[in-house]
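A.B. asks: Here it is, the structure, as structure tokens.
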């Protein structure tokens, strides 16, 4: 081969290899996704017996087991009204108080008659309480169904009827001691990545009165929406919620801003995005979840001074609340309110690690600190339109093994449950360091996207080899 031809061939190889490197680098940067899960690894189903996928609500046989926390309450957990059950593992740092005013005398924990039918593993903790547990006279806290049963573990005193009998353990919630502050920090970071600057949105929110429509950009791997004040119809009435133009596999983050936020909903057909949808209340001290529907997606309330009142027919997702939870209402409509166990598998923005013991004082050094912003969040692999499915709330039927019908019970207490109490003071942690310049939040690399990026680079390199071979044949 003449020297000039060899030079051209080598040049072709160099150009092709350079193109391969450039394409691979671009692919790696553009698909940099999958950030951390929620603090403490919360969110996904835990253990070897997780169903895939999780079944829709039903009353069939046990579908699998979930060793992760479904409900976390940093303050007190109060059960009132006709609240029926809280499926999955429940962790309460404060007190648990059951004093229902209507409906069945039973409150089910861990396993639900109607729900995902994915309880914690048999014999494991169904509920862990850091304070005291009090069950009103003639009422029962039930942590079993047939051969399935779990432990109600209490650090303080246990008063009233618990089936099986509660276990007293002063270290009942020690493993979750730092989680409250970490969830507060994460909630603020998701909403305010740079101090008081709100996270940039990727879509629009249109409250039309009878419904609110969330329209995504059709491409971003993290779909971010902002809502001020809540989701209600005219005069505070009920409305439905619709999500449109959400790419397949995208995480949906809805930041709800304000001190008092109310969701009053009658239709939430988001089963298709349920395990990647997070409703985030970063600063609200009063959160009202009410209406006749079952809320799809997970809930995060970041203010430790907050009280979340859940009188909605049901929720299908994780409940991570750093303040208090009141389940049920003696005044709002609805009966048999239920919390169902469903995972959160979304890819959330990275947030700076926090020291739970230092949440107030800023550094006193005169040396300015520098925040290295992360790379920009990627877009997903091509938009697909998510048509909302019909809601079809499940029946609010109670569980077996105990009277769980919604009819009034005898000798049931009629006093309302107090909503105050519990550890609600303290200054919220500072926000995390800046993420991406646009506030969207950088997302670390995931295996699927890494394989895609490597595939693109390998393809480009293969193209260079083909160019070289073709050049040699032409010059032979």
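A.B. asks: Could you list all residues from the stretch 141-150 that are crowded, with 20+ Cβ neighbours inside 10 Å and farther than 15 Å from residue 65 by Cα?
C.D. replies: 141, 142
A.B. asks: Suppose we filter 317, 302, 297 for residues that are farther than 19 Å from residue 257 by Cα and in contact with a helix residue (DSSP H, G or I) (Cβ under 8 Å, 6 or more places away or on another chain); which single one remains?
C.D. replies: It is 317.
A.B. asks: Identify the single condition in (1) at pLDDT 95 or above; (2) on the phi < 0 side of the Ramachandran plot; (3) not assigned by TED's automatic domain parsing to the domain that holds residue 252 that residue 18 does not satisfy, given that it satisfies every other one.
C.D. replies: (1)
A.B. asks: Any residue in the stretch 268-281 that is modelled with pLDDT of 95 or more and over 20 Å from residue 312 (Cα atoms)?
C.D. replies: Yes, there is a match, as at least one residue in the stretch 268-281 is modelled with pLDDT of 95 or more and over 20 Å from residue 312 (Cα atoms).
A.B. asks: Also: Which residues, taken from the stretch 256-269, are closer than 23 Å to residue 83 by Cα and either touching a strand residue (DSSP E or B) at 6+ places or on another chain (Cβ under 6 Å) or assigned to a helix (DSSP H, G or I) (or both)?
C.D. replies: 260, 261, 262, 263, 264, 265, 266, 267, 268
A.B. asks: Taking the conditions exactly as written (closer than 13 Å to residue 338 by Cβ, in contact with a strand residue (DSSP E or B) (Cβ under 7 Å, 6 or more places away or on another chain) and either in contact (Cβ under 8 Å) with a residue 60 or more places away in the chain or not in a loop (DSSP other than H, G, I, E, B) (or both)), does residue 82 satisfy them or not?
C.D. replies: No: the conditions fail for residue 82.
A.B. asks: For residue 76, indicate whether it is assigned by TED's automatic domain parsing to the domain that holds residue 118, modelled with pLDDT of 95 or more and surrounded by fewer than 19 Cβ atoms within 10 Å (Cβ to Cβ).
C.D. replies: Taking the combined requirement at face value, the residue does not satisfy it.
A.B. asks: If you don't mind, there's one more thing I want to ask. How many residues are touching a helix residue (DSSP H, G or I) at 6+ places or on another chain (Cβ under 8 Å), part of a strand (DSSP E or B) and surrounded by fewer than 24 Cβ atoms within 10 Å (Cβ to Cβ) when one looks only at the stretch 214-255?
C.D. replies: Selection size over the stretch 214-255: 1.
A.B. asks: If you don't mind, another one. Within the group 177, 196, 172, which residue is modelled with pLDDT of 95 or more and assigned by TED's automatic domain parsing to the domain that holds residue 256?
C.D. replies: So the residue among 177, 196, 172 that is modelled with pLDDT of 95 or more and assigned by TED's automatic domain parsing to the domain that holds residue 256 is 172.
A.B. asks: Restricting attention to the stretch 106-134, which residues are buried (at least 23 other Cβ atoms within 10 Å of the Cβ) and either in contact with a helix residue (DSSP H, G or I) (Cβ under 7 Å, 6 or more places away or on another chain) or more than 19 Å from residue 318 (Cα to Cα) (or both)?
C.D. replies: If the condition is that a residue be buried (at least 23 other Cβ atoms within 10 Å of the Cβ) and either in contact with a helix residue (DSSP H, G or I) (Cβ under 7 Å, 6 or more places away or on another chain) or more than 19 Å from residue 318 (Cα to Cα) (or both), then 106, 130, 131, 133 are the ones that fit.
A.B. asks: Name the one entry in 234, 248, 284 that is more than 16 Å from the chain's Cα centre (by Cα) and modelled with pLDDT under 95.
C.D. replies: Result: 234 is the single residue among 234, 248, 284 that is more than 16 Å from the chain's Cα centre (by Cα) and modelled with pLDDT under 95.
A.B. asks: Additional query: Being closer than 21 Å to residue 240 by Cα and surrounded by fewer than 24 Cβ atoms within 10 Å (Cβ to Cβ) is the requirement here; does residue 278 meet it?
C.D. replies: yes
A.B. asks: Okay, next question. Within 30 Å of residue 117 (Cβ to Cβ) and assigned by TED's automatic domain parsing to the domain that holds residue 123 - does that describe any residue in the stretch 201-213?
C.D. replies: Taking every residue of the stretch 201-213 in turn, none turns out to be within 30 Å of residue 117 (Cβ to Cβ) and assigned by TED's automatic domain parsing to the domain that holds residue 123.
A.B. asks: Is it the case that residue 206 is closer than 30 Å to residue 292 by Cα and in contact with a strand residue (DSSP E or B) (Cβ under 7 Å, 6 or more places away or on another chain)?
C.D. replies: So residue 206 fits the description; yes.
The values are calculated or read from the model by the stated rules, or taken from the named source; none is laboratory data. From a predicted model like this one, the values you see are computed outputs, not experimental measurements. Here Cβ is always computed from backbone atoms with ideal geometry, including for glycine, and neighbour counts include all displayed protein chains.
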